[in-house]
Amino acid sequence: MQARKQSPTYRIQTVAVMTGVPAATLRSWERRYGVPQPVRTRTAYRLYNDDEVALIRRMKALIDEGLVASEAAARVLAVAPAAPLVADVFARAADSLVEAALAYDAARLTEQLRWALTLGDANAVFGRVLTPALVRLGELWQAGEASVGQEHFLSEAVEHTARDLLRLVQPPASAPAVLLACFPDEQHHLALYGVGIRLASLGVRSLLLGPRTPVAALAEAAARVRPVMIGLSLTITPPLERGRELLREIATAAGAVPWAVGGVGAGPLAESIEELGGAVIHPWPDGVDALVRTVLRRHAGGS
């Protein structure tokens, strides 16, 4: 039996030339109407096949005949029932953020962030829009297709949005508290907002100490706040001896308070973390849920 020949794929600039539809218009149609729906490469490139090219040509022809774009899209989709009626709205939102950042378009970035906030609860917005947008732009930077400036431009806007989300969903002051901080050598702190938002959905408030938190500051805050748990974020693993030294200091600072480390940098230190009485948060987000529920049960039993 002969294998079916796969349709060739084309990049967006090639499709723009083939169809006479500018690349910016193709992106707009995809976001607004779900036409077309190209696949994405690992580095977020759009790839269109012959079926999508045909849909684009049909939509352009209908618009040239006098239909507005929304009517043309509805008609195209009506004759192509195999295509989803609506593109993944969260993916479209993340894509819009990336495009605005690549263009250094502050007004559009603000507009798209406001739209993203209407798509679901805080967990959904953070996990399905904000984080994927940052990951996608990071992949473009690694591929040499985005600059550090563009990545920082998006990160700054996303951080402000995440901070507002957390502030809006925080439980009252009477709720049990978790202290969240970065490892003393860790600069990346956006993940703390995601953890805080997740904790809020469990009825737990969070206090964030931010990046590069000194162990002495962690100890002082723990003594004053009396949290039910301390959570630490680690993205870049320090040299192992330095990591073990910091873990010993953290374990001493935590005292009787349960503590845990999460993030991609925690893996190489997992054995040391557990030997010193800490826990490794994995996977996300189920690992957070399970650990916090266990800590809350123990806290309630000891009250």
Full-stretch length increase - residue 32, residue 224 - with 0.36 nm per residue and alpha-carbon distance subtracted: 64.1 nm
Rh (Kirkwood, all Cα-Cα pairs) for region 175-303, Å, reads 14.3
Helix 106-116 axis, angle to the chain major axis (alpha carbon atoms, nearest 10°): 80
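Suppose R0 equals 41 Å. What FRET efficiency, 1/(1 + (r/R0)^6) with r the Cβ-Cβ distance, do residue 107 and residue 212 give to the nearest 0.05?
My answer for the efficiency is 0.80.
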I need the trypsin sites (Lys or Arg not before Pro) found in region 109-196, filtered to DSSP loop residues with at most 13 other beta carbons within 10 Å of theirs. none
So if each residue of separation counts as 0.36 nm, and I subtract the Cα-Cα distance between residue 65 and residue 290, what length gain in nm does that give? 75.2 nm
What net charge is computed for the residues neighbouring residue 75, neighbours being all others with C-beta under 14 Å from the C-beta of residue 75, Lys and Arg scored +1, Asp and Glu -1? 0
Output the 0 to 90 degree angle, nearest 10, between the alpha-carbon long axis of helix 69-78 and the longest principal axis computed from the alpha carbons of the chain. 90
Over the chain, with every protein chain in place, what whole percent of the accessible area is carbon and sulfur at 1.4 Å, could you tell me? 55
Between residue 18 and residue 141, what FRET efficiency comes out of the Förster formula 1/(1 + (r/R0)^6) with R0 = 22 Å and r the beta carbon distance, rounded to 0.05? 0.15
Taking R0 as 51 Å, what's the FRET efficiency between residue 75 and residue 175 from their Cβ-Cβ distance, rounded to 0.05? 0.45
Taking Cα atoms of region 120-187, Rg/Rh with Kirkwood Rh, to two decimals? 1.06
Karplus couplings for region 182-189 from phi (6.51 cos²θ - 1.76 cosθ + 1.60, θ = phi - 60°), rounded to Hz, Gly and Pro as x? 8, 3, x, 9, 9, 8, 7, 10
Based on the alpha carbons, how large is the Rg to Rh ratio for the chain when Rh follows Kirkwood? 1.08
With each run of n ≥ 4 DSSP H residues scored as -39500 (n - 2.57), what mean residue ellipticity at 222 nm is computed for the chain after dividing by its residue count and rounding to the nearest 500 deg cm²/dmol? -17000 deg cm²/dmol
Give the accessible surface of the chain per residue, rounded to a whole number of Å², with probe radius 1.4 Å and ligands, DNA and RNA excluded. 52
For residue 229, which sequence-distant residues (separation of 5 or more, or a different chain) have an amide H within less than 5 Å of its own amide H, given hydrogens modelled in the peptide plane? 179
Projected label distance in nm at residue 270 and residue 49, using a 7 Å step from Cα toward the beta-carbon: 3.7
Compute the angle between helix 190-201 and the longest alpha-carbon principal axis of the chain, please, reported from 0 to 90 degrees and rounded to the nearest 10. 80
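The values are calculated or read from the model by the stated rules, or taken from the named source; none is laboratory data. Given the structure is predicted, the values throughout are model-derived calculations rather than measurements. Don't worry about glycine lacking a Cβ; one is built from the backbone with ideal geometry, like all the others, and counts go over all protein chains shown. We work out accessible area using only protein heavy atoms, side chains counted, and drop any ligands, DNA or RNA first. Shrake-Rupley method; radii C 1.70, N 1.55, O 1.52, S 1.80 Å.
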